[in-house]
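Asks: I'd like to ask you about the structure that follows.
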Amino acid sequence: MYSTVREFTIEPSCPWYEAQQSYGPANVNWCEPTRCSWINEPANTWSNVPYMLVGYLIYKKLSKGADKIMRDLGLTIFVMGFFSFIYHATNNFMTQFFDFVGMYLMTSIVLAIQTQRIRGKDTKKYHSFFWAYMFLNTCIFWLFHINNIAIQETVILQGVAIFVAEFWGRIKSKEKASLKYFFLTLLFLAIAQTCSVLDLKRIYCEPDNIWLHGHAVWHMIGAIAMWMLALHVKSNFLGRDPKPE
């Protein structure tokens, strides 16, 4: 689906031209054309604001000043949106790498919490696993890059791991908590991914539209999915009694 071919899209004398020449272009060229501006892709850039807004709301509203997991999750989602904002504004491989770092922050925290649940330990003491997953994810990113494998596949691997860990932990602990928000997260991500593919394949593509593109819709619906994910984490993983050491 995603190509490993990199296209130089920024013209000489335009902002970020030197950065793209130095670090190379990203490995994907969305429908929205690269403009000779400080904001290369207006729609794909500004559509990350909902991610940052959702991250802020999770941090302020769902944590209630006590739940560190929710504060951390809100912060990581905010950073994810910010890094994606910077990437789409600048269009070079270095900022694309940080775009993936933002996504790995979010997936790593969820996987770390799930790992603690599978172990039967306190889910709030997840930080060692978080950093281990961040290191592993970063290594996989560069492994894919060096071997010319589409780096977007690393995020798909993360999604599969989260899905498997969710049900593994649920079966192991014999939990019967609601999966409503988890399935809503999957639903919104599926819709968002469909919009992104329609953009990538130029099935829905209006290059002159500076407000809305399929990948921009991916950002906005993805932000809703992040809110649903936060509700799932809050309703399933907080307040768990750890097994005695």
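Asks: When ranked by the protection proxy of mean other Cβ atoms within 10 Å per residue, highest first, what sequence do the peptides 139-145, 96-102 form?
Replies: Most protected by this proxy first, the peptides run 96-102, 139-145.
Asks: If a/c stays under 1.5 just call it rounded; otherwise compare a/b with b/c (prolate if a/b is bigger, oblate if not). Do that for the range 119-223, with a ≥ b ≥ c from the square roots of the Cα gyration tensor eigenvalues.
Replies: oblate
Asks: For the range 17-237, what is the charge dipole size about the Cα centre, in debye to the nearest 20, if Lys and Arg each add +1 at the Cβ and Asp and Glu each add -1 at the Cβ?
Replies: Here the range 17-237 has a charge dipole of around 1360 debye.
Asks: Taking the structure as given and computing semi-axes √(5λ) of the Cα gyration tensor in Å, which label from (1) 32, 25, 18; (2) 34, 18, 16; (3) 29, 20, 18 fits?
Replies: (2)
Asks: State which entries of LYS180/LYS234; LYS68/LYS125; LYS124/LYS180; LYS61/LYS125; LYS60/LYS176; LYS61/LYS121 exceed 19 angstrom in Cα-Cα distance in the structure shown.
Replies: LYS124/LYS180; LYS61/LYS125; LYS60/LYS176; LYS61/LYS121
Asks: Which value in nm describes the separation of the simple spin-label points at THR138 and LEU187, placed 7 Å from the Cα toward the beta carbon?
Replies: For THR138 paired with LEU187, the spin-label model returns 3.8 nm.
Asks: Further question: Within a Cβ distance under 14 Å of TRP168, other residues only, what is the Lys/Arg minus Asp/Glu net charge?
Replies: Taking every Cβ under 14 Å from that of TRP168, the sum is +3.
Asks: Between GLN114, SER37, PHE135, whose Cα lies farthest towards the positive end of the dipole of the chain when Lys and Arg beta carbons carry +1 and Asp and Glu beta carbons carry -1, centred on the Cα centre?
Replies: Selected residue: GLN114.
Asks: Find the cysteines in the chain that fail to meet the 4.7 Å Cβ criterion with every other cysteine, and list them.
Replies: Taking the Cβ cut-off of 4.7 Å, the unpaired cysteines of the chain are CYS139, CYS195.
Asks: Where does the chain land at 222 nm, in deg cm²/dmol rounded to the nearest 500, when only DSSP H runs of n ≥ 4 count, each adding -39500 (n - 2.57), divided by all residues?
Replies: -21500 deg cm²/dmol
Asks: How high is the relative contact order of the chain, in percent, with contacts defined as C-alpha pairs under 8 Å that are six or more residues apart?
Replies: Relative contact order of the chain: 24 percent.
Asks: As I understand it, the dipole of the range 17-237 uses +1 on the Cβ of Lys and Arg and -1 on the Cβ of Asp and Glu, about the Cα centre. Which of LEU189, ASN236, THR76 lies farthest toward its positive end?
Replies: Result: ASN236.
Asks: If you don't mind, there's one more thing I want to ask. Under 13 Å between alpha carbons, and skipping anything fewer than 8 positions from LYS174 in its own chain: which aspartates and glutamates qualify?
Replies: Once the sequence-local aspartates and glutamates are set aside, what remains near LYS174 is GLU166.
Values quoted throughout were computed directly from the atomic coordinates according to the rules given, and no laboratory measurement underlies them. Not measured: the values here are computed from a predicted model. So basically every Cβ, Gly included, is an ideal-geometry build from the backbone, and we count neighbours across all protein chains shown.
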